[in-house]
Amino acid sequence: MANHKRQYGIKISGRFLVNHEDTRFCWYMLIFATAFLLTVPMVAASQKITSDRQAKINSNIATVIQSQQIAAYNEAIKGFEEACKGKNIAINAVYDLKGDADESKRIIRAIRNSEQKPQLVLAVGVLAATVAKDQFPDIPVIFCMVINHERFNLRGANVTGISAEASLEDQFTILKEILGFRKNVGVIYDPRKTGKIISDAINMAKRFEINLLKKEVLSEREVGAALKNIIHDIDAFWIIPDGTVITRDSLDMIFKKTLKERIPTFCTSDAIVKAGALVSISPDYAYTGQQAASLAQILLHNPTMLSLGTKQPEKLKITLNTSVAEMIGINISSFKSRSDIVFYP
């Protein structure tokens, strides 16, 4: 188990879920974004956070770059800002790439021409992370909010990251409690994209005495047949962040078939829960920003240290779709008053 304890609970068929204490890939990101897009107008490409005087007083200057305006990203940035206040770190600017490569080039020029050169960059989202990694090789770069970050080669002597998914151990702890005495979990994946996740999951599943029924697909068209092949042999279906599997049509089909068979669906994004999955375990976005600030403090106060590697999120949240729970016969009434579970809708 992870060093930190987490606690949450859901009653499923008399059992308790308790744990103490790429174009198609872009569609997955679109799901993630759609659930969190702000209704306010787009802010300017660069927003000053501290005055020049404040930044000069503070010798530790960080710059934030975000891929686009998504509320989840803003939650992480807000957490970072708040935590930096007590860590002698001044944030001189937040730059919004607006999801655009040309805008990225303009912003990189602006950062390089700025009088206040950052000593550290926080990159939020995959575009920001890849741009920062490529453009700032001599100062620490911390990335966060990147789904399936291993696909994007976000490694380097100066790169630190916070995973956007719960660890396999945390996920399988919950899966085990969902299953109870049952053991069969289905998963569909594209080995070119998520083969490593599944390879690691095989070993983790053995530890939890879970039988992983795996089906490989190489295109979205194969997902339906793959699910049909295993659906009568599984007790739960695990949705991993695979761009071949997670498309609009595929998710619709997966939810229709699993609902019909009363099979719980489990994932790592509350956006997917809002789209129709039963339950997710995902990072607390604001706390991810706070965690990034703690990592920044370590790096800025140790000039010879440029990277701390990739870390797991330290605080997670459970999101439960109450409508789906009702449709597949899961009683959650006794947990309505709990503060450690997010109920949707």
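Given the condition at pLDDT 90 or above and assigned to a helix (DSSP H, G or I), answer yes or no: does some residue in the range 153-167 qualify?
Step one: list which residues in the range 153-167 are at pLDDT 90 or above, which gives 153-167.
Still in the running and assigned to a helix (DSSP H, G or I): none.
There is no residue in the range 153-167 that is at pLDDT 90 or above and assigned to a helix (DSSP H, G or I).
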Report every pair of residues separated by at least 6 positions or lying on different chains whose Cβ atoms are under 9 Å apart, first residue within the range 244-259 and farther than 24 Å from residue 151 by Cβ, second of a type in the set (Lys, Arg) and in a helix (DSSP H, G or I).
257/228
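Can you tell me how many residues within the range 112-132 are open to solvent by 30 Å² or more (accessible area, probe 1.4 Å) and more than 15 Å from residue 66 (Cβ to Cβ)? Quick ask: steps written out before the conclusion?
Our first condition is that a residue be open to solvent by 30 Å² or more (accessible area, probe 1.4 Å); within the range 112-132, this holds for 112-113, 115, 117, 119, 126-127, 130.
Next, from what is left, pick out any that are more than 15 Å from residue 66 (Cβ to Cβ): 112-113, 115, 117, 119.
Residues in the range 112-132 being open to solvent by 30 Å² or more (accessible area, probe 1.4 Å) and more than 15 Å from residue 66 (Cβ to Cβ): 5 in total.
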Select from the range 171-227 the residues that are part of a helix (DSSP H, G or I), among the charged types (D, E, K, R) and over 24 Å from residue 250 (Cα atoms) and list them in ascending order.
176, 177, 200, 206, 207
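Out of 263, 298, 254, I need the residue that is of a type in the set (Val, Ile, Thr) and open to solvent by 60 Å² or more (accessible area, probe 1.4 Å). Which one?
Details: 263 fails: open to solvent by 60 Å² or more (accessible area, probe 1.4 Å); 254 fails: open to solvent by 60 Å² or more (accessible area, probe 1.4 Å).
Result: 298 is the single residue among 263, 298, 254 that is of a type in the set (Val, Ile, Thr) and open to solvent by 60 Å² or more (accessible area, probe 1.4 Å).
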Please tell me if residue 246 is open to solvent by less than 10 Å² (accessible area, probe 1.4 Å) and touching a helix residue (DSSP H, G or I) at 6+ places or on another chain (Cβ under 7 Å).
yes
Six or more apart or on different chains, Cβ atoms under 7 Å: show the pairs whose first residue is in the range 86-111 and more than 16 Å from residue 127 (Cα to Cα) and open to solvent by less than 60 Å² (accessible area, probe 1.4 Å) and whose second is of a type in the set (S, T, N, Q) and part of a helix (DSSP H, G or I).
87/297; 89/297; 90/54
Quick one: would you say residue 322 is under 21 Å from residue 174 (Cβ atoms) and crowded, with 21+ Cβ neighbours inside 10 Å?
no
Do you know which residues across the range 315-325 are charged (D, E, K, R) and in a strand (DSSP E or B)?
317
Over the range 326-345, the set of residues assigned to a loop (DSSP other than H, G, I, E, B) and over 20 Å from residue 276 (Cβ atoms) is 336, 337, 338, 339, 340
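The values are calculated or read from the model by the stated rules, or taken from the named source; none is laboratory data. Since this is a predicted model, take the numbers as computed values, not measurements. Glycine also receives a Cβ, built like all others from the backbone with ideal geometry; neighbour counts cover every protein chain displayed. Keep in mind that these areas ignore ligands, DNA and RNA; they rest on the heavy atoms of the full protein, side chains included. Shrake-Rupley method; radii C 1.70, N 1.55, O 1.52, S 1.80 Å.
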